[in-house]
Amino acid sequence: MIPKDPMILLSYVNTQLRDYYDSLDALCSCRGLNKKELLEKMEGIDYHYSESENRFL
C-alpha cells in the first residue's frame, strides 16, 4: 500500500526510484500504480518527474 498524503507519497516514490527502480514505468508496473494518477498527484504539489534523474523534482 502506498501513502495517500502527497508529500509522504513524494518521499516514498523518490526513495523507491532511488533504491529499487530504474524508471517510473518500472515502479508503476511492479507496484501496480496508475502512472497518470501518480503524475497528476505529484503535479498537484508542483513536482514533476525527471527521466534523466529518475526522480520527482
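Laboratory data are not the source of any read-out in this text; all were calculated from the coordinates shown. Bear in mind the structure is a predicted one, so any value in this text is a computation, not a measurement. In this analysis, Cβ positions are derived from the backbone assuming ideal geometry, glycine residues included, and neighbour counts consider all displayed protein chains.
Quickly run through region 40-51 and pick out the residues that are touching a helix residue (DSSP H, G or I) at 6+ places or on another chain (Cβ under 9 Å), exposed (fewer than 14 other Cβ atoms within 10 Å of the Cβ) and either without any contact (Cβ under 8 Å) to a residue 24 or more places away in the chain or assigned to a helix (DSSP H, G or I) (or both).
First, pick out the residues of region 40-51 that are touching a helix residue (DSSP H, G or I) at 6+ places or on another chain (Cβ under 9 Å): 41-42, 44-45, 47-49, 51.
Cutting the leftovers down to exposed (fewer than 14 other Cβ atoms within 10 Å of the Cβ) gives us 44-45, 48, 51.
Gly44, His48, listed by residue number.
Here is a yes/no grid of residues against (1) assigned to a helix (DSSP H, G or I); (2) in contact (Cβ under 8 Å) with a residue 24 or more places away in the chain; (3) under 10 Å from the mean Cα position of the chain (by Cα):
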site: Lys4; (1), (2), (3): no, no, no
site: Ile8; (1), (2), (3): yes, no, no
site: Val13; (1), (2), (3): yes, yes, yes
site: Leu17; (1), (2), (3): yes, yes, yes
site: Cys28; (1), (2), (3): yes, no, yes
site: Leu38; (1), (2), (3): yes, yes, yes
site: Glu53; (1), (2), (3): no, no, no
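Being among the aliphatic types (A, V, I, L, M), crowded, with 17+ Cβ neighbours inside 10 Å and within 16 Å of Glu53 (Cβ to Cβ) is the filter here; which residues of region 7-34 pass it?
Within region 7-34, the subset among the aliphatic types (A, V, I, L, M) is 7-10, 13, 17, 24, 26-27, 33.
Add one more test, that the residue is crowded, with 17+ Cβ neighbours inside 10 Å, and what stays is 9-10, 13, 17, 24, 27.
Within region 7-34, Leu10, Val13, Leu17, Leu24, Leu27 meet the criteria.
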